[in-house]
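Computed from the coordinates by the stated procedures, all read-outs in this text should not be read as laboratory data. Please read all numbers here as calculations on a predicted model, not as lab measurements. Backbone-built Cβ (ideal geometry, glycine too); neighbour counts: all protein chains shown.
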Amino acid sequence: MAVDLSVTFTGIRFENPFMLASAPPTESESNILHAFEAGWGGVVTKTIGMHPVVNVAGPRTKFLRYHPESGRLSMNKGRDGVLHSSWNWELISDKPLDWWLPRIERIKQAFPSRVLIASIMAGSGSDKELDHWRTLATCCQEAGADGLELNLSCPHMDRPDMGSNIGKDRELCSFVVQVVKEVARVPVWAKLTPAGSDIVAEAGAVFRGGGDAVSSSNTFPSLPLVDPDTLMFEIEVDGYVSSGGLGGPAILPLSLAKMAEMTRAFPDKAFSGIGGVSDFNTALNYFLLGCGTVQVCTPPCWTGRSAPT
Ligand SMILES: Cc1cc2nc3c(=O)[nH]c(=O)nc-3n(C[C@H](O)[C@H](O)[C@H](O)COP(=O)(O)O)c2cc1C
């Protein structure tokens with residue numbers, strides 16, 4: 001007998017509450033179609049923006065593995081070992097809005113009962129940037145997106161008016177959400193950073209701006225390890241490195257602590273849990289805290305498959 005896993009979250013009906021988070025598994029039409037064929041209830045697209053995106057040369061994501069025989073934690077010591085975390089310094093989608101819109105339309109036509117949330121990002125430092133938020137929101141909803149997730153949490157931005165730099169600033173959180181809400185006809189979620197000073201205050205700012213839900217966490221700011229044999233960082237470009245984002249099993253307890261703070265402070269509000277989910281048992285922690293949906297990123301990146309486990 002099929003079990004009914006359907007939920008209604010921020011007014012959107014989900015066949016099941018399991019979603020792929022904004023990341024490589026949702027960066028293309030074929031990946032998203034494959035995810036829906038595999039049974040995911042929803043996806044959040046890779047973040048779409050309107051500013052130029054130039055990624056680092058070389059790998060953007062690496063997996064930190066624990067090697068039981070040597071007792072070492074390393075990205076580079078072979079493919080055996082147990083997954084500890086993902087580390088990435090990947091920027092948002094390098095595909096323009098015009099590339100995304102017909103794809104959103106086609107995906108929704110193919111899977112009308114599955115949920116597609118468009119993740120969007122712009123700056124906050126000028127009227128032009130605020131117009132970018134409006135354009136991204138209106139175009140994605142017209143193409144058929146069921147909701148919007150505002151990326152206020154990308155940890156890799158070199159601009160003070162974007163990504164997690166918005167998420168760390170309560171006034172900007174409220175303001176940007178309000179700007180999008182003025183044009184949105186679909187629910188608006190805001191994805192927060194775990195690197196702010198007080199996530200309860202930041203979530204409060206999102207709700208004051210009219211946000212329908214908070215998604216948390218994005219990755220945690222972190223450095224790659226130094227290889228003791230070479231004294232080089234395990235990932236670098238011409239000897240240089242920067243802080244990147246940690247995801248996967250290692251962040252589950254950390255993300256849960258952030259979520260628990262918010263669901264305690266706002267028991268009647270909607271939350272989407274992200275961070276360290278790899279199966280039902282790990283997802284259960286977020287549901288018991290009061291989350292209506294969960295999102296998953298590192299496991300499908302690690303296996304290269306988006307089938308739920
Ligand atoms: C390679 C990579 C790219 C990502 N890109 C985005 C992105 O474009 N937008 C976004 O909101 N989050 C992005 N994330 C963060 C994930 O959506 C998620 O919040 C984070 O990885 C924690 O979930 P996990 O523990 O399941 O990995 C990215 C994560 C990874 C590993």
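At a temperature of 25 °C and a viscosity of 0.890 mPa s, determine how fast region 202-280 diffuses translationally according to Stokes-Einstein, using the Kirkwood radius over alpha-carbon pairs as Rh; express D in µm²/s, rounded to the nearest whole number.
D, rounded to a whole number, is 166 µm²/s.
Which is the longest part of the chain that has none of the trypsin sites (Lys or Arg not before Pro) sitting in a DSSP loop with at most 14 other Cβ atoms within 10 Å?
Value returned for the longest uninterrupted segment is 186-304.
Please give the length that would be gained between Ala257 and Ser113 if that part of the chain were fully extended, namely 0.36 nm times their separation in residues minus their C-alpha to C-alpha distance (nm, one decimal).
Full-extension gain reported as 48.6 nm.
Using R₀ = 30 Å, calculate the FRET efficiency as 1/(1 + (r/R₀)^6) where r is the Cβ-Cβ separation of Ser30 and Asp98; round to 0.05.
The formula returns an efficiency of 0.95 here.
For Glu142 and Ser6, FRET efficiency with R0 = 30 Å and r from the beta-carbon atoms, rounded to 0.05?
0.70
Per DSSP helix of 4 or more residues, -39500 (n - 2.57); summed, then divided by the residues of the chain. What does that give at 222 nm, rounded to the nearest 500?
-9500 deg cm²/dmol
How big is region 190-233 on each of its three principal axes, counting only the C-alpha atoms and giving the largest first in Å?
Reported extents, whole Å, longest axis first: 52, 16, 10.
Identify all aspartates and glutamates with a Cα-Cα distance to Lys62 below 13 Å; exclude those on the same chain that are fewer than 8 residues away in sequence.
Glu90, Glu234, Glu236
If we restrict to alpha carbons, what Rg and Dmax does region 103-146 come to, in Å?
Taking only Cα atoms of region 103-146, I get Rg and Dmax of 12.3, 38 Å.
If I model a spin label as a point 7 Å beyond the Cα along the Cα-Cβ vector, how far apart are those points for Val53 and Asp80 in nm?
3.8 nm
From Cα coordinates alone, what are the radius of gyration and Dmax values for region 27-120 in angstrom?
Looking at region 27-120, its Cα Rg and Dmax stand at 17.2, 51 Å.
If the convex hull of the alpha-carbon atoms of region 147-270 is projected onto planes in all directions, what is the mean projected area in square nanometres?
With every direction weighted equally, the projected area is 8.9 nm².
Grab the eigenvalues of the alpha-carbon gyration tensor for region 58-192, scale each by 5, take roots, and send me the semi-axes largest first in whole angstrom.
One finds semi-axes of 33, 20, 13 Å for region 58-192.
Within region 208-252, find all residues whose amide N lies under 18 Å from a label point positioned 7 Å from the Cα of Ser70 along Cα-to-beta-carbon.
Correct set: 224-236.
Could you work out how far apart the two model spin labels at Asp127 and Arg60 are, taking each label as a point 7 Å from the Cα in the direction of the beta carbon, and quote it in nm?
Going by the 7 Å Cα→Cβ label model, 3.3 nm.
Taking every pair of distinct Cα atoms and averaging 1/r, then inverting, what Kirkwood hydrodynamic radius in Å comes out for the chain?
19.5 Å
Anything over 23 Å Cα to Cα? Flag those among Lys108/Lys258; Lys95/Lys168; Lys191/Lys258; Lys77/Lys191; Lys128/Lys168, in the order listed.
Cα-Cα > 23 Å for Lys108/Lys258; Lys95/Lys168; Lys77/Lys191; rest within.
Starting from the Cα-Cα distance between Glu105 and Arg208, subtract it from 0.36 nm times their residue separation and give me the gain in nm to one decimal.
33.9 nm
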